[in-house]
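The values are calculated or read from the model by the stated rules, or taken from the named source; none is laboratory data. Predicted, not measured: the structure shown is a model, and the values here were computed from it. All Cβ positions, even for glycine, are placed from backbone atoms using ideal geometry, and neighbour counts span all protein chains on display.
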Amino acid sequence: MTVHVLLGAGGSGSRMKNSMNKSFLLLEGKPLIAHSLLKFQHHPEISSIIVMVHKEWVNELMTWVNRLGITKIKRVVEGGKERQDSVRIGLETLSQLHPKEDDIVLVHNAANPLLTDGLISECIRAAQLHRASVAGYRVKDTLKRVGDDGHILETLERKEWWGMQTPQCIEYALFVRAHAQALKEGFYGTDDVQLVERLKIRPMVVDGGYENLKITTPEDLLVAERILQKRRESEFPTQNT
């Protein structure tokens, strides 16, 4: 069993109040995508990486790939109109590497730069056991269903609701079949595991915690910087002299 990464580096910076590709915004001196690339490069279970990125950003990507010594990238391809199109293109490109049917495809968004080695391993393991897995977090807020007129229709049971993140891991042959069916039916999902859910597969949710946040606003960058600082302090605590 081999694990292949499809790393999406699309997304505009509109909510960041920035016109550049969000994946290349700097976090502690490195673009967001570099943080994920380094994690996958050094994780022993990851064999290959395919990056989906707009052609205007390929040179910038390769500059950082060479600077950081990323060797696991096998292909860089241009993404599609929608995120699902980009993942399908990445999956089609992966076929050139002749993966086995039970290989695991790990899909990740570059805008989630704080994933950990442990989370990667847990998602892979869950996909091996259940054919599909997804990182997520328990919803903390009270959720209410609201009608078009703005009035509350019902209050939902919070303990049953999770927000979805990446990575999302899916068995290769299953993922190919799920994308083929979605393309045939013109169906677009909001995440990757939704496509395999339509094949009556029940993906396993892995707790990614609240630190595996998606960078969406300028405030998120500040939070991400603090999380990385806290991790360093935990790994290398200050010694009293």
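State the number of residues belonging to segment 163-180 that are farther than 15 Å from P99 by Cα and among the aliphatic types (A, V, I, L, M). Steps first, answer last, please.
Applying the first criterion (farther than 15 Å from P99 by Cα) to segment 163-180 yields 163-168, 178-180.
Applying the additional criterion that residues be among the aliphatic types (A, V, I, L, M) yields 164, 178, 180.
Matching residues across segment 163-180 total 3.
Among the residues of segment 172-206, those identified as closer than 12 Å to S133 by Cβ, β-branched (V, I, T) and outside any helix (DSSP H, G or I) are I201, V205, V206.
For segment 182-195, check the following and say yes or no: at least one residue is over 18 Å from I89 (Cβ atoms), touching a residue at least 60 places away in the same chain (Cβ under 8 Å) and surrounded by 24 or more Cβ atoms within 10 Å (Cβ to Cβ). So far as segment 182-195 goes, yes, one or more of its residues are over 18 Å from I89 (Cβ atoms), touching a residue at least 60 places away in the same chain (Cβ under 8 Å) and surrounded by 24 or more Cβ atoms within 10 Å (Cβ to Cβ). Pairing residues of segment 94-109 that are in contact (Cβ under 8 Å) with a residue 12 or more places away in the chain with residues that are buried (at least 21 other Cβ atoms within 10 Å of the Cβ) and of a type in the set (S, T, N, Q), at Cβ distances under 8 Å and at least 6 apart in sequence or on separate chains, gives L106/Q168; V107/T166; V107/Q168; H108/S36; H108/T166; H108/Q168; N109/T166. Selection over segment 198-217 of residues that are farther than 24 Å from D117 by Cα and crowded, with 16+ Cβ neighbours inside 10 Å gives a count of 1. Out of L115, L143, one residue alone is among the aliphatic types (A, V, I, L, M) and either exposed (fewer than 14 other Cβ atoms within 10 Å of the Cβ) or farther than 17 Å from L213 by Cβ (or both). It is L143.
Per-residue answers, yes or no, for (1) at pLDDT below 95; (2) aromatic (F, W, Y); (3) over 18 Å from G10 (Cβ atoms):
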position	(1), (2), (3)
L27	no, no, no
K30	no, no, yes
I33	no, no, no
H43	no, no, yes
S47	no, no, yes
H54	yes, no, no
V65	no, no, no
I70	no, no, yes
I73	no, no, no
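Within the bounds of segment 31-51, is there any residue that is touching a residue at least 12 places away in the same chain (Cβ under 8 Å), over 25 Å from V223 (Cβ atoms), of a type in the set (D, E, K, R) and touching a strand residue (DSSP E or B) at 6+ places or on another chain (Cβ under 7 Å)? Yes - at least one qualifying residue is present in segment 31-51.
Conditions tested, residue by residue: (1) more than 21 Å from R231 (Cβ to Cβ); (2) among the hydroxyl-bearing types (S, T, Y); (3) buried (at least 16 other Cβ atoms within 10 Å of the Cβ).
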{"position": "I33", "(1), (2), (3)": "no, no, yes"}
{"position": "V87", "(1), (2), (3)": "yes, no, yes"}
{"position": "Q96", "(1), (2), (3)": "yes, no, no"}
{"position": "K100", "(1), (2), (3)": "yes, no, no"}
{"position": "V107", "(1), (2), (3)": "yes, no, yes"}
{"position": "G136", "(1), (2), (3)": "no, no, yes"}
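Quick one: would you say R88 is more than 23 Å from R232 (Cβ to Cβ), in contact with a helix residue (DSSP H, G or I) (Cβ under 6 Å, 6 or more places away or on another chain), not in a strand (DSSP E or B) and not aliphatic (A, V, I, L, M)? Criteria met by R88.
Out of the residues in segment 196-217 that are of a type in the set (K, R) and in contact (Cβ under 8 Å) with a residue 60 or more places away in the chain, state the one that is farthest from L26 (Cα to Cα). Restricting to residues being of a type in the set (K, R) and in contact (Cβ under 8 Å) with a residue 60 or more places away in the chain, the top hit is R202.
Within segment 144-181, being in contact (Cβ under 8 Å) with a residue 60 or more places away in the chain and either among the polar types (S, T, N, Q) or touching a helix residue (DSSP H, G or I) at 6+ places or on another chain (Cβ under 7 Å) (or both) holds for P167, Q168, C169, I170, E171, F175, V176, H179. Do we have V139 as more than 17 Å from I49 (Cβ to Cβ) and modelled with pLDDT under 95 here? It is true that V139 is more than 17 Å from I49 (Cβ to Cβ) and modelled with pLDDT under 95. Within segment 146-160, being charged (D, E, K, R) and either over 21 Å from Y210 (Cα atoms) or assigned to a strand (DSSP E or B) (or both) holds for D148, D149, E154. Checked against the criterion of being in a loop (DSSP other than H, G, I, E, B), under 20 Å from the mean Cα position of the chain (by Cα) and touching a residue at least 40 places away in the same chain (Cβ under 8 Å), segment 218-232 has no qualifying residue.
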